[in-house]
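Undergrad: I'd like to ask some things about the structure below.
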Amino acid sequence: MMTSESMAVSEREEALAAIDDSCRRVTEWMERTGYAGIEPHDALTSPLMRRTPLGRSRFIRLAALQALRRLPVNPRPLLGVRPRANAVSLGWALRALALRSQREARHSAETIVQELAGQSAQGYHGPCWGYYFDWQTRATFKPADDPIIVSTAFIGLGLMDVHARFGMPGAFAMARGACDFILQDLNRTPGLRGFCFSYGPGDHEQVFNASMLGAELLARMGAATGEETLTRAARDAVAFTLDHQQPDGSWAYGLDAHWGFIDNFHTGYVLCSLREYSASLGDASVADALERGWRFYRDHFFEAGRIPKYYHNRLHPIDAHAAAQSIVTLTEFGDIRTAARVAMWTINHMQTADGYFIYQIHRRFTNRIPYLRWANALMPYALLRLAAALRGA
């Protein structure tokens, strides 16, 4: 794997200056909004869908969600769709705050932890979070605020990060409680080895990145507390995912027929979770799978060594969330030079004068809508991780 040692001093300094400025500007933009924004998938919050018979049709729900997600103009004010804070954005904000040195970072983290406590879904074995909007997929309908493993794991990892950085036992306790949600409220699909955690309590969906994010949180917490129940469940979830790694090193999104696609950021989630699992529990048995997955990722998701591809076999759409996760994944695996080049390309082509990153660049048009969670919330964490790696060179 490449490291920052292969970068010239001038290249590293230029990248650091751009990254620091970019991170400051996008963070300030999000703080001005109070972390409240619009979502690519928020169409079903419109009163037109919630208060009329239109919202009762699965077909209309799916069509409305997909149409609004794809439009390069923003009709949400006309449709009554209002900006709101997504709990996942707050979880990623915690991860970024844990990398900051400013005195006010702890106070900001404490405020966010309190807000997350108030947003947790009720009636489950531990704190857990979903999305504030109804969500229709081709297979299922997920009601607003129903907790899911992805949101809960991202937030749990953020809670662990700020506890490690600032010593916040309340955040740690909340993260430990989130593990109880994963262990006791989610369904498990058995495999030849281990099992796959479901996406939410009401389904049996087998989505690799989702199950692996849960395994990462369980492994980190199990390593911290010494609880075998947590570490055993993490190992079982990892075993299931490894058994479904494809011969070329890749993972499809999931097991259902319509989930056969291979994309950048979900692959990145799997790889980073697998690496963190291995580091937390000292499990070297995953090394071969990790290396094969990393090589597939590095060889297939970057055009000209700097432009993040969405899918492994085509460039467009160029997506800001894929770019942010690319920076995280490349940094995690030590390819600091490529991470810096992806960051510089993304800053130059996708960040606006107002500080936010646009949604997507398509072959024939550009979608400049400022989505907060999808296109921006992960970016400060990604840029701060990369900046720390560059400074450590």
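The values are calculated or read from the model by the stated rules, or taken from the named source; none is laboratory data. None of these values were measured; they are calculated from a predicted model. Using ideal geometry, Cβ is built from the backbone for each residue, glycine included, and neighbour counts are taken over all protein chains shown.
Undergrad: I need the full set of residues from the range 114-157 which are surrounded by 21 or more Cβ atoms within 10 Å (Cβ to Cβ), among the polar types (S, T, N, Q) and closer than 15 Å to Leu44 by Cα, in order please.
TA: Gln136
Undergrad: Is it the case that Thr225 is without any contact (Cβ under 8 Å) to a residue 60 or more places away in the chain, among the polar types (S, T, N, Q) and closer than 18 Å to Ala284 by Cα?
TA: Judged against the criteria, Thr225 is not a match.
Undergrad: Which condition number in (1) closer than 20 Å to Thr45 by Cβ; (2) over 19 Å from the mean Cα position of the chain (by Cα); (3) crowded, with 22+ Cβ neighbours inside 10 Å is the one that Ala171 fails?
TA: (1)
Undergrad: Among the residues of the range 269-291, is any in contact with a strand residue (DSSP E or B) (Cβ under 9 Å, 6 or more places away or on another chain), among the hydrophobic types (A, V, I, L, M, F, W, C) and at pLDDT 95 or above?
TA: No, because not a single residue in the range 269-291 is in contact with a strand residue (DSSP E or B) (Cβ under 9 Å, 6 or more places away or on another chain), among the hydrophobic types (A, V, I, L, M, F, W, C) and at pLDDT 95 or above.
Undergrad: Only one residue in Ser22, Ser10 is polar (S, T, N, Q) and under 20 Å from Asp354 (Cβ atoms), so which one is that?
TA: Ser22
Every residue, every condition in (1) at pLDDT 95 or above; (2) under 23 Å from Val113 (Cα atoms), yes or no:
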| residue | (1), (2) |
| --- | --- |
| Ala164 | yes, yes |
| Gly170 | yes, yes |
| Gly177 | yes, yes |
| Thr189 | yes, no |
| Phe195 | yes, no |
| Gly202 | no, no |
| Ala210 | yes, yes |
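Undergrad: So is Ala105 assigned to a helix (DSSP H, G or I) and buried (at least 20 other Cβ atoms within 10 Å of the Cβ) or not? It would help to see each step written out before you state the result.
TA: On the way: assigned to a helix (DSSP H, G or I): yes; buried (at least 20 other Cβ atoms within 10 Å of the Cβ): no.
Considered against the rule, which asks whether it is assigned to a helix (DSSP H, G or I) and buried (at least 20 other Cβ atoms within 10 Å of the Cβ), Ala105 comes out as no.
Undergrad: Here are some conditions: (1) on the phi < 0 side of the Ramachandran plot; (2) at pLDDT 95 or above. Arg391 meets all but one. Which one does it not meet?
TA: For Arg391, the failing item is (2).
Undergrad: Right, something else. Kindly indicate the residue of the range 231-259 that is free of Cβ contacts under 8 Å to residues at least 12 places away in the same chain and under 22 Å from Asn187 (Cα atoms) and also surrounded by the most Cβ atoms within 10 Å (Cβ to Cβ) among those meeting that condition.
TA: Of everything passing the filter in the range 231-259, Arg232 is surrounded by the most Cβ atoms within 10 Å (Cβ to Cβ).
Undergrad: Could you tell me which of the residues Phe154, Phe181 is at negative phi and either part of a strand (DSSP E or B) or in contact with a Pro (Cβ under 9 Å, 6 or more places away or on another chain) (or both)?
TA: Checking each option against the conditions leaves just Phe181.
Undergrad: Another one. Looking at the range 1-8, can you tell me whether even one residue there is hydroxyl-bearing (Ser, Thr, Tyr), in contact with a Gly (Cβ under 9 Å, 6 or more places away or on another chain) and in a loop (DSSP other than H, G, I, E, B)?
TA: Checked against the condition, which is being hydroxyl-bearing (Ser, Thr, Tyr), in contact with a Gly (Cβ under 9 Å, 6 or more places away or on another chain) and in a loop (DSSP other than H, G, I, E, B), the range 1-8 yields at least one hit.
Undergrad: Taking Arg306 as meeting all but one of (1) of a type outside the set (Ser, Thr, Tyr); (2) buried (at least 24 other Cβ atoms within 10 Å of the Cβ); (3) touching a Phe, Trp or Tyr at 6+ places or on another chain (Cβ under 7 Å), write down the number of the exception.
TA: Unmet condition: (2).
Undergrad: Please count how many residues of the range 144-189 are closer than 25 Å to Glu39 by Cα and acidic (Asp, Glu).
TA: 2
Undergrad: Just the residues that are within 18 Å of Phe265 (Cα to Cα) and outside any helix (DSSP H, G or I), please, taken from the range 193-226.
TA: Tyr199, Gln206, Val207
Undergrad: For the subset of the range 352-371 comprising residues that are aliphatic (A, V, I, L, M) and assigned to a loop (DSSP other than H, G, I, E, B), which member is nearest to Asp21 (Cα to Cα)? Break it down into steps so the answer makes sense when it comes.
TA: Within the range 352-371, the first condition is being aliphatic (A, V, I, L, M), and the residues that meet it are 353, 358, 361, 369.
From what's left, assigned to a loop (DSSP other than H, G, I, E, B): 353, 358, 369.
Values: Ala353: 12, Ile358: 17, Ile369: 21 Å.
Per the criteria, the residue is Ala353.
Undergrad: Could you check the range 110-151 and list, in sequence order, the residues that are part of a helix (DSSP H, G or I) and either free of Cβ contacts under 8 Å to residues at least 12 places away in the same chain or within 19 Å of the chain's Cα centre (by Cα) (or both)?
TA: Thr111, Ile112, Val113, Gln114, Leu116, Gly118, Gln119, Ile149, Val150, Ser151
Undergrad: Please name all residue pairs, on different chains or six or more residues apart, with Cβ atoms under 8 Å, provided the first residue is in the range 341-362 and is without any contact (Cβ under 8 Å) to a residue 24 or more places away in the chain and crowded, with 17+ Cβ neighbours inside 10 Å and the second residue is in a loop (DSSP other than H, G, I, E, B) and of a type in the set (A, V, I, L, M).
TA: Here the result reads none, with nothing in the range 341-362 linked to a residue that is in a loop (DSSP other than H, G, I, E, B) and of a type in the set (A, V, I, L, M).
Undergrad: Moving to a separate point now. Look through Phe195, Phe181 and report the one residue that is of a type in the set (A, V, I, L, M, F, W, C), over 25 Å from Val328 (Cα atoms) and in contact with a strand residue (DSSP E or B) (Cβ under 6 Å, 6 or more places away or on another chain).
TA: Details: Phe181 fails: in contact with a strand residue (DSSP E or B) (Cβ under 6 Å, 6 or more places away or on another chain).
The conditions single out Phe195.
Here is a yes/no grid of residues against (1) of a type outside the set (Gly, Ala, Ser); (2) part of a helix (DSSP H, G or I); (3) touching a Ser or Thr at 6+ places or on another chain (Cβ under 6 Å); (4) more than 15 Å from Gln206 (Cβ to Cβ):
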{"residue": "His258", "(1), (2), (3), (4)": "yes, yes, no, no"}
{"residue": "Phe261", "(1), (2), (3), (4)": "yes, no, no, no"}
{"residue": "Thr267", "(1), (2), (3), (4)": "yes, yes, no, yes"}
{"residue": "Ala279", "(1), (2), (3), (4)": "no, yes, no, yes"}
{"residue": "Asp288", "(1), (2), (3), (4)": "yes, yes, no, yes"}
{"residue": "Glu291", "(1), (2), (3), (4)": "yes, yes, no, yes"}
{"residue": "Tyr297", "(1), (2), (3), (4)": "yes, yes, yes, yes"}
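Undergrad: Which of (1) crowded, with 23+ Cβ neighbours inside 10 Å; (2) farther than 16 Å from Met212 by Cα does Val270 not meet, given it meets every other one?
TA: Here Val270 clears every test but (2).
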